[in-house]
Amino acid sequence: MIVSIMQPYFFPYIGYFQLIAASDVFVFHDDVQYIKNGWINRNRILSAGVPRWLTRPVLSASYELKINQRRYELSARNVPRLLRQVEAAYSKTQRFVEIFPLCREILGFADANVAVFNANLIRRVAAALHIDTQFLFSSEIEKDDRLTGQDRVIEICRELGATRYVNPIGGAHLYDARRFADAGLQLSFLQPVTLTSGRFVAAQAPPLSIVDTLMFNDDRAMQQLLRSFRLADATDLAYAAG
């Protein structure tokens, strides 16, 4: 069984959904510290040719609080403002009529808990992409909460009965394949395949929100994008690096 674990991001990029599609179980890592100015409450869209932030404000609170202890600001202005940003950026795109109502539905979700809101967002987009992966919250999984980093990941995988753990390749330096092997786990990294045509540009760093990708690609193209990756075994990467 393939497991992946990620913090619940706000309208994450296509690679996040590739990771979900590559997994049997996807775990929202919701019981870790909320990091300000990351990807939890914001992402980037392209407006007038310029990357701009699409941000949902989070209420001020102690920096020590976990993601599932933080709440979005429930101002009546926030959702209309975000929708205006999306409309201004994408009203002339080929899929605006299909995708804008999805954005409106997602942003209208009433639960202000950051983890719950973002998980619902990701589930709704995954459903629109015909991804049937099982979703769980890490806070629902019995584990030793004193563990951090890869030790915490290994513990979660053990509890779920995983045989393989997959992480985005950008985080390869955070993991030791030997530790995973000792725990009976295969460690792999998702490596996007660069596409040479179409709107999607895999080399964008960091890439744009899934909103941008959805607005320019029909269902067939989106399915192609979801499959445009390879799973690189950690031992192969270590051998190549050596």
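Laboratory data are not the source of any read-out in this text; all were calculated from the coordinates shown. Bear in mind that the values here come from a model prediction, so they are computed numbers and not experimental data. Methodologically, a virtual Cβ is constructed for each residue, glycine included, from the backbone with ideal geometry; neighbour enumeration extends over all protein chains shown.
Taking region 132-171 on its own, what percent of its Cα-Cα pair distances exceed 17 Å?
34 percent
What residues of region 112-127 lie in the reach of a label at Leu65, counting those whose backbone N is under 16 Å from a point 7 Å from the Cα along Cα→Cβ?
112-118
Quick check on the exposure proxy: order Leu19, Leu74 from fewest to most C-beta atoms within 10 angstrom.
Lowest to highest Cβ neighbour count: Leu74, Leu19.
Round to the nearest 0.05 the FRET efficiency obtained for Leu102 and Leu174 when R0 = 22 Å and r is the Cβ-Cβ distance.
With a Förster radius of 22 Å, E is 0.10.
Pull up all non-local amide H partners of Lys66: gap of 5 or more, or a different chain, and H-to-H distance under 5 Å with H placed in the peptide plane.
Close amide H contacts, sequence-distant or interchain: Tyr34.
Using only the alpha carbon atoms of region 2-241, find the Kirkwood hydrodynamic radius as the inverse mean reciprocal pair distance, in angstroms to one decimal.
Hydrodynamic radius (Kirkwood, Cα only) of region 2-241 equals 18.7 Å.
What list of ³J(HN,Hα) values in whole Hz, one per residue of region 176-189 in order, does the Karplus curve 6.51 cos²θ - 1.76 cosθ + 1.60 (θ = phi - 60°) give from phi, with Gly and Pro shown as x?
10, 4, 5, 5, 5, 4, 4, 8, x, 10, 8, 9, 10, 10
With θ set to phi - 60° and the Karplus curve 6.51 cos²θ - 1.76 cosθ + 1.60, what are the ³J(HN,Hα) couplings of region 50-58 in order, to the nearest whole Hz, using x for Gly and Pro?
10, x, 10, 6, 10, 10, 10, x, 10
Over all alpha-carbon pairs in region 1-143, figure out the percentage whose distance exceeds 28 Å.
18 percent
Taking the 0 to 90 degree range and rounding to the nearest ten, how far is the long axis of helix 114-128 tilted relative to the main principal axis of the chain, both from C-alpha atoms?
The helix 114-128 is inclined about 80 degrees to the chain.
Amide H to amide H, which residues 5 or more places from Trp39 or on other chains are under 5 Å from it, using H placed in the peptide plane?
Answer set, sorted by chain and number: none.
How high is the relative contact order of region 2-241, given as a whole-number percent (alpha carbon pairs under 8 Å, six or more residues apart)?
Computed over region 2-241, the figure is 27 percent.
Pop the C-beta distance of Arg220 and Arg146 into the FRET formula with R0 = 45 Å and round what comes out to the nearest 0.05.
Calculated transfer efficiency: 0.45.
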